[in-house]
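Undergrad: This is the structure I want to talk about, given as structure tokens.
The values are calculated or read from the model by the stated rules, or taken from the named source; none is laboratory data. All of these numbers come straight from a predicted model, not from anything done at the bench. Don't worry about glycine lacking a Cβ; one is built from the backbone with ideal geometry, like all the others, and counts go over all protein chains shown. Remember, those area values only see protein heavy atoms, side chains included, never the ligands or the DNA or RNA. Shrake-Rupley method; radii C 1.70, N 1.55, O 1.52, S 1.80 Å.
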Amino acid sequence: MMLELDSVTHRYDDQPAVEDISFGVEAGELVAVLGPSGCGKTTLVQAIAGHVRPSEGRVRLRGDDVTTDPPEARDVGLVFQEPTLFPHMTVGENVAYGLGPAGVTDPERQVSEYLDLVALDERRSLRPDELSGGQKRRVELARALAPEPDLLLLDEPLSALDRQLREQLRDEISRIHSETGVTTLFVTHDQEEAMALADRLVVMNEGSVAAVGAPRALYERPPNLFVAEFLGRSNTITVDVTGDRAAVELGGTTRQLADESQASPDRAVCHLRPRDLTLESESTAAAVSLSGHVRSVSDLGRRYEVTVELACGDEVVVEQRTEPPAVGDAVRVEASADALSVFTKNGVRLTHETAEPSLQSTAELRVG
Amino acid sequence: MSYASRLTADRSAREALVPAVLGGLLVVYFLIPFVAFLSRTGTANVIEGLSSPGARDAIRNSLLTAPVSTAVATVFGVPLAYVLARRSFPGKRLVEAVVILPLVLPPVVGGAMLLTAVGQFTPLGSTAAALGVPLTNSLLGVVLAQVFVAAPFVIVTARAGFGAVDERLEQASRSLGYGPLATFWHVSLPMARGAIVAGVVLTFARAIGEFGATMMVAYNPRTMPTRIWVEFITGGIDEIIPLAVGLLGITLAVVISIQRIGRVPTVIGR
């Protein structure tokens, strides 16, 4: 294990920024730490890099406890959101800066090698302020990588760039990672960026880890409502827990709750992704079928987004590629049973399924 | 010029009128004494006056003490400025107040306070005098007075300079393998260079012109300002013109170098 966080907690003046964070990163892996701004991602990066000493918990690199080691002793490369190239040095000098302490024998060759990696070798004699925003980012990547650190920390490295550049550099980071094989921890608030790049995701919420797992698995089977809503677009419908508080019913599908004690007293939250919903004029054989009428339609070019007010009062968004219905039309919003996830009011997943998402085995389906 | 742009120009001229008048009055007020004073000088008179043995001694003493005071203030003041810009510690507000104190204290009172600390009848002063390094009425006394009064300038200016350096650049340097001291030397210091040099120049100008505290601590040996005072008492305005012009010349050189340094590309304010 290259990096291991063990119950890392940090408080600023009693105000907790991160709480009880534990996860690991294997050598060569690219892991994204994903969470909304203010969830403690940067504090976590600072604790790993050694610029913040956590109030509690341990940070281990290469298996050694480095919690109290200064940053210069950690062999961790760091790239911030805002450019931190040294303005009083040339591009080449910036990249060469970390080579002295790293004890590199032929710094010239290594500077060329890493500037080549980011395709900027011919700019080495320029000053940082003569570079474009994207070039600055790439030089910073080269500077962080040139001393060949054991771990590369990228703290929102693309957030300050415009969309096109962001996507370009995202691909470049992916290429650099596969070429150098450097263990990388990539911090971002952008779920698309995280899912596109990462082997694994660590989703953070309010200073704690909300989930750890492969991007696709977390997207398709979110362990809690926060992850469900943060990874991709979401519709939520609040429903009553029926019967002896052991089942919920939505649009004809009844879900038996596996564990009664998990249910909050009387309400549960049903979660459906806009792209999993279809609009029909008449009820079909779909497992979930809800009636409503169209409130608004927006044309996004490659798809339409249709907002439907359901009979129960909740609004859902449906993505569709074909010609949408008109505003005011009565429609059925339909989905298959496996598109439906149910959470408690507090966002805990109601695990009525076994490990495999074969819903029919445990859920009682009723076609309505 | 289009109607719209003429309108804008008219408006901006109107809006600039009040500050221009207020500021202009102050500039005129600065200039009048300057011109009036210089109009009484004759070149021959100045050179003759500056070459008298007493004046030469004063110039030598001033050019000896002010650079030393500036160096002392810089060597001790810049690290303090860095600590104040970067660290928080208990009692920081108190340290900040102490640094500002000599700036708000009348120099002559500062000099009196220094006397109560290092005067020849105090334990410190008498011990030093017994060892052959008198702290009053000596060049060392002049330096003590100048440092007391002038050092805050370099501290305050350098602190602002360090404050303007993004802390993440220092973190980047640490993560690239440099310890705190090496990071200070390679990153913080060069990046705050413009502000530090401006502070050094201000401190030098203040030190070489120091009179109030110097007079209390070291009336002898004479520096340019103390000699100007003595000559004024004995001979009036015309007597002091040569030394005053000499001091002005040095001060002007200092101001010009501030402006030159101001144009040196620095990262501050970008």
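Undergrad: For segment B:189-195, take each phi angle, set θ = phi - 60°, evaluate the Karplus expression 6.51 cos²θ - 1.76 cosθ + 1.60, and give the result in whole Hz per residue in order, putting x for glycine and proline.
TA: 5, x, 6, 9, 3, x, 5
Undergrad: A further question follows. Largest first and to the nearest Å, give the Cα extent of segment B:1-153 along each principal axis.
TA: That gives 82, 58, 24 Å along the principal axes, largest extent first.
Undergrad: Any chance you could tell me what percent of the C-alpha pair distances in segment B:46-262 go past 26 Å?
TA: Summing the P(r) of segment B:46-262 above 26 Å gives 44 percent of all pairs.
Undergrad: Give me the angle, in degrees from 0 to 90, between the Cα long axis of helix A:107-117 and the longest principal axis of the Cα atoms of chain A, rounded to the nearest 10.
TA: Once rounded, one gets 30 degrees.
Undergrad: With springs only between Cα atoms under 10 Å, which of A:Leu151, A:Leu34, A:Leu310 fluctuates most in a Gaussian network model of chain A?
TA: Among A:Leu151, A:Leu34, A:Leu310, the largest GNM mean-square fluctuation belongs to A:Leu310.
Undergrad: If you don't mind, another one. Starting from the Kirkwood Rh over alpha-carbon pairs, what translational D in µm² s⁻¹ does segment A:68-119 have by Stokes-Einstein at 4 °C and 1.567 mPa s?
TA: Rounded to a whole number, D works out at 104 µm²/s.
Undergrad: How long are the semi-axes of the ellipsoid equivalent to chain A, from square roots of 5 times the Cα gyration tensor eigenvalues, in whole Å, largest first?
TA: 47, 25, 16
Undergrad: To continue, here is another question. For chain B, what is the mean residue ellipticity at 222 nm derived from helices alone (per DSSP H run of n ≥ 4: -39500 (n - 2.57); sum divided by total residues; nearest 500 deg cm²/dmol)?
TA: Result for chain B, helices only: -26000 deg cm²/dmol.
Undergrad: Still on this structure: Report the charge-dipole magnitude of the protein assembly as shown in Debye, nearest 20, computed about the Cα centre from +1 at each Lys and Arg Cβ and -1 at each Asp and Glu Cβ.
TA: It comes to approximately 3400 debye.
Undergrad: Under a point-charge model restricted to the Cβ atoms of Lys and Arg (+1) and Asp and Glu (-1), what is the dipole moment magnitude of segment A:233-350 relative to its Cα centre, in debye to the nearest 20?
TA: 400
Undergrad: Between A:Ala214, A:Ala196, A:Ala73, where does the largest GNM mean-square fluctuation fall for chain A, given springs only between Cα atoms within less than 10 Å?
TA: For chain A, modelled as a Gaussian network with Cα springs under 10 Å, the answer is A:Ala73.
Undergrad: Still on this structure, I have one more. Across chain A, where is the longest run that never hits trypsin sites (Lys or Arg not before Pro) in a DSSP loop with at most 16 other C-beta atoms within 10 Å?
TA: A:63-232
Undergrad: Which value results when the Cα radius of gyration for segment A:120-195 is divided by 2.2 N^0.38 Å?
TA: 1.10
Undergrad: List the relative contact order of chain B as a percent without decimals, with contacts defined as Cα pairs under 8 Å and 6+ residues apart.
TA: 27
Undergrad: Please list the non-local residues whose amide H lies under 5 Å from the amide H of A:Leu350, H modeled 1.01 Å from N, same-chain partners needing a gap of 5 or more.
TA: Sorted by chain and number, the residues that satisfy this are A:Val342, A:Phe343, A:Thr344.
Undergrad: Among A:Leu169, A:Val318, A:Gly24, whose Cα lies farthest out toward the positive end of the dipole of chain A, if unit charges sit on the beta carbon of Lys, Arg (+1) and Asp, Glu (-1)?
TA: Going by the Cα projections, it comes out as A:Val318.
Undergrad: Could you work out the pair-distance distribution P(r) of segment A:3-220 from its alpha-carbon pairs, with 10 angstrom bin width and percents rounded to whole numbers?
TA: Taking every Cα pair in segment A:3-220, the percentages come to 8, 34, 36, 18, 3.
Undergrad: By its C-alpha gyration tensor, with a ≥ b ≥ c as the square roots of the eigenvalues, how is segment A:233-350 shaped: rounded for a/c under 1.5, else prolate for a/b larger than b/c, else oblate?
TA: Verdict is prolate for segment A:233-350.
Undergrad: Next question, about the same structure. So which residues in segment B:164-194 end up with at least 30 square angstrom less accessible surface once the other protein chains are there, compared with the chain by itself, probe 1.4 angstrom?
TA: Residues passing the criterion (a loss of at least 30 Å², heavy atoms only) are B:Arg168, B:Leu169, B:Gln171, B:Ala172, B:Arg174, B:Ser175, B:Leu176, B:Gly177, B:Tyr178, B:His186.
Undergrad: So, one more: Comparing A:Ser159, A:Ser289, A:Ser125, which has the greatest mean-square fluctuation in the GNM of chain A with Cα pairs linked when under 10 Å apart?
TA: In the Gaussian network model the winner is A:Ser125.
Undergrad: Would you mind computing the Rg to Rh ratio of the protein assembly as shown from its alpha-carbon coordinates, Kirkwood style for Rh?
TA: Ratio of gyration radius to Kirkwood radius for the protein assembly as shown: 1.16.
Undergrad: Rounded to the nearest 500, what is the 222 nm mean residue ellipticity of chain A from helices alone, with -39500 (n - 2.57) per DSSP H run of 4+ residues and division by all residues?
TA: Taken over chain A, the calculation gives -6000 deg cm²/dmol.
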